[in-house]
Amino acid sequence: MLSKSKLQTQKLAVRFAKKILRSSQDLKLTKVIALRGDLGTGKTTFTQGFMGALGVRHRVTSPTFLIVRKYEISTPIKRGFIHFHHAYHFDLYRIQKPKELLDLGFKKIISDPHNILLIEWPERVKKILPKDTIWIEFEHGKSEKERIITVTSD
Ligand SMILES: Nc1ncnc2c1ncn2[C@@H]1O[C@H](COP(=O)(O)OP(=O)(O)OP(=O)(O)O)[C@@H](O)[C@H]1O
Ligand SMILES: [Mg+2]
């Protein structure tokens, strides 16, 4: 997908969020969305749109210095048989190894079925991400405001 503005990236994220929330009736569902791309390619911008679509009312900002922020979903969202209550936004730019993420209580967060997770700089912890993680690639386009956004499964 090609985005030509910040707003368009947020709108793409809203569409993506609605699609994955509709997508499956299975018990076992993807709950990690990995956002991979260089600095300034729109990962946080995408997260803002995604969180808005989930019903997060709080303003979403980059968690760079905190590594993770937890957001409440105002009206828990149902997907399949699961209700999501919290959305987590990770920025692992400052993390070098999976252990540092595990030390932040990652196992507990990921194993709670009511949580959904978006992760920036996910390649640093690829080893500990679930197999069914959805990977989204962000790249700079030809002009200043162009971004190429590609959804893959790996
Ligand atoms: N098409 C576009 N989509 C998204 N952001 C855009 C676009 N065009 C310009 N921008 C600008 O690019 C910047 C993207 O910043 P953002 O924080 O979302 O990037 P990021 O990938 O999260 O970077 P970082 O790796 O530093 O966290 C913003 O300043 C935004 O205004
Ligand atoms: Mg960011």
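Output the number of residues of the stretch 95-124 satisfying the condition of being more than 14 Å from LYS31 (Cβ to Cβ) and over 14 Å from the mean Cα position of the chain (by Cα).
Of the stretch 95-124, the ones more than 14 Å from LYS31 (Cβ to Cβ) are 95-105, 120-121, 123-124.
Adding the requirement that they be over 14 Å from the mean Cα position of the chain (by Cα) leaves 95-105, 124.
Qualifying residue count, the stretch 95-124: 12.
TRP121 fulfils the conditions (1) touching a strand residue (DSSP E or B) at 6+ places or on another chain (Cβ under 7 Å); (2) more than 10 Å from ligand 1 (Cβ to nearest atom) except for a single criterion, (2). Please tell me if HIS89 is within 13 Å of ligand 1 (Cβ to nearest atom) and touching a Pro at 6+ places or on another chain (Cβ under 6 Å). Spelling it out, HIS89 is indeed within 13 Å of ligand 1 (Cβ to nearest atom) and touching a Pro at 6+ places or on another chain (Cβ under 6 Å). For the stretch 107-154, residues that are among the aromatic types (Phe, Trp, Tyr) and either touching a helix residue (DSSP H, G or I) at 6+ places or on another chain (Cβ under 7 Å) or part of a loop (DSSP other than H, G, I, E, B) (or both) total 2.
Go through the stretch 67-99 residue by residue and tally those that are more than 16 Å from ligand 2 (Cβ to nearest atom), under 26 Å from ARG124 (Cβ atoms) and in a loop (DSSP other than H, G, I, E, B).
Applying the first criterion (more than 16 Å from ligand 2 (Cβ to nearest atom)) to the stretch 67-99 yields 70, 72-86, 96-99.
Okay, now just the ones that are also under 26 Å from ARG124 (Cβ atoms), so 70, 84, 86, 96-99.
Restricting the remaining residues to those that are in a loop (DSSP other than H, G, I, E, B) gives 96-97.
Count: 2.
Every condition in (1) within 20 Å of ALA17 (Cβ to Cβ); (2) without any contact (Cβ under 8 Å) to a residue 40 or more places away in the chain; (3) more than 17 Å from the chain's Cα centre (by Cα) is met by ILE82 except one, and the failing one is (2). Of all residues in the stretch 37-66, those that are closer than 16 Å to ARG124 by Cβ and within 12 Å of ligand 1 (Cβ to nearest atom) have Cβ atoms under 9 Å from Cβ atoms of residues that are hydroxyl-bearing (Ser, Thr, Tyr) and modelled with pLDDT of 90 or more, 6 or more apart or on another chain, in LEU39/TYR93; PRO63/THR44; THR64/THR44; THR64/TYR93.
Selection of the stretch 39-66 for residues being within 11 Å of ligand 2 (Cβ to nearest atom) and surrounded by 19 or more Cβ atoms within 10 Å (Cβ to Cβ) yields THR41, GLY42, LYS43, THR44, THR45, PHE46, THR47, GLN48, VAL60, PRO63. For the stretch 92-107, taking the residues that are over 14 Å from VAL32 (Cβ atoms) and basic (Lys, Arg), the one that is farthest from ligand 1 (Cβ to nearest atom) is identified as LYS99. Here SER3 meets each of (1) away from ligand 1 (no atom under 13 Å from the Cβ); (2) over 16 Å from TYR88 (Cβ atoms); (3) not basic (Lys, Arg) with one exception, condition (1).
The values are calculated or read from the model by the stated rules, or taken from the named source; none is laboratory data. Bear in mind the structure is a predicted one, so any value in this text is a computation, not a measurement. For neighbour counting, all protein chains shown are included, and Cβ atoms are generated from backbone atoms with ideal geometry for every residue, glycine included.
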